[in-house]
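Everything on this sheet refers to the single structure shown next.
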Amino acid sequence: MSDFKRRLRDASLNSNTDEELIRNLKNLFHGKTAFIVSAGPSALHWKKVYDSIVHDCPIVVCIKQTIFFDELSSLCDIHFINSYNVKKWKYSDSRVFKILTKAENDPPSFCKSDLTLNLQKKESDGLTDTLCSHLQFDDYTFDKSGLSRPWGPGIMHESVIFTLLHLGIARIVTIGWDIADAKGNNTHIDDNEYKNDREKPGRKLKWLRKLRLMRLINFVKFHFGRTINQAGMMDGEAALTSSSIPYLRSWLKKHGITLEVHSNSTWIH
């Protein structure tokens, strides 16, 4: 077990509530480097980037499906998940620290976590209500808003970056944060599975939806290792997320944190 996992586990064992755990995580890894592997197609090249910073002994952060990369799974210290694009997560080491970000009206994810963060998103909200739009990063540090997380859109803006800031990380290096494909659609390392699911006719399931059995259907799919709660992107979401990254980078710099984003995506400057 890595020292990062051990210290995260100890913080969790010494906390009776999520609020107390947040306090115990404060500056736990002060001055350290974090390596984030997000679930975009460029994540396939994670090893090359990791090898270039391995001398810094980085804390390794996996986003959703990247936990299935064999070698990366054994290195992973923190796994970030939410209620969308969910699979039956499998871990090389069960002591990986799991952080779930979930809104009240999100579909069930059937996932266990060590820390649950509360996404503040209403069904009526639009892109103008997102953090990428109003850019009020200071309002959502853990010190100010605790477990309450802003709607990003996207888990990186909602919880990943804020968690690493709270942990005291000084350098963030990412790969796989591709935002979208060239047409502005959601894109993942396992796109073949998504495409196969979308191509299946939906008429046979129409009556099941009316009977509110989608939860049961998703549970069965989850049990058999299929992806559930597949998320799309709103019109303009990719461009908005892309436009916010320079502001995020500048904000992190004010907090003494450097941000490096490795990607060949057209949405990353």
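Structural remarks
- Contact map, segment 217-234: residues that are over 17 Å from Ala103 (Cβ atoms) and modelled with pLDDT of 80 or more paired with residues that are among the hydrophobic types (A, V, I, L, M, F, W, C) and exposed (fewer than 14 other Cβ atoms within 10 Å of the Cβ), Cβ distance under 9 Å, separation 6+ or inter-chain. Pairs shown: Arg226/Val220.
- Segment 86-121 - residue that is within 16 Å of Val37 (Cα to Cα) and open to solvent by less than 40 Å² (accessible area, probe 1.4 Å) and, of those, modelled with the lowest pLDDT: Trp89
- Top-ranked residue in segment 219-229 [being open to solvent by less than 60 Å² (accessible area, probe 1.4 Å) and not in a helix (DSSP H, G or I); ranked as nearest to Ser133 (Cα to Cα)]: Asn229
- Reported count of residues in segment 122-171, each being under 16 Å from Ser242 (Cα atoms), part of a helix (DSSP H, G or I) and open to solvent by less than 40 Å² (accessible area, probe 1.4 Å), is 9.
- Every pair of residues 6+ apart whose Cβ atoms lie under 6 Å, when the first sits in segment 132-155 and is without any contact (Cβ under 8 Å) to a residue 60 or more places away in the chain while the second is open to solvent by 40 Å² or more (accessible area, probe 1.4 Å) and in a helix (DSSP H, G or I): Pro150/Tyr140
- Taking first residues from segment 3-31 that are closer than 16 Å to His166 by Cβ and partners that are open to solvent by 70 Å² or more (accessible area, probe 1.4 Å) and modelled with pLDDT under 95, no Cβ contact under 7 Å between residues at least 6 apart in sequence or on separate chains turns up.
- Screening Glu193 with (1) surrounded by 14 or more Cβ atoms within 10 Å (Cβ to Cβ); (2) modelled with pLDDT of 90 or more gives one miss only, at (2).
- Identity of the residue in segment 235-269, touching a residue at least 60 places away in the same chain (Cβ under 8 Å), assigned to a helix (DSSP H, G or I) and among the polar types (S, T, N, Q), that ends up most open to solvent (accessible area, probe 1.4 Å): Ser243
The values are calculated or read from the model by the stated rules, or taken from the named source; none is laboratory data. Computed from a predicted structure; not experimentally measured. Neighbour counts run over all protein chains shown; Cβ positions are idealised from the backbone, glycine included. Note: areas computed on protein heavy atoms with side chains; ligands, DNA, RNA excluded. Shrake-Rupley method; radii C 1.70, N 1.55, O 1.52, S 1.80 Å.
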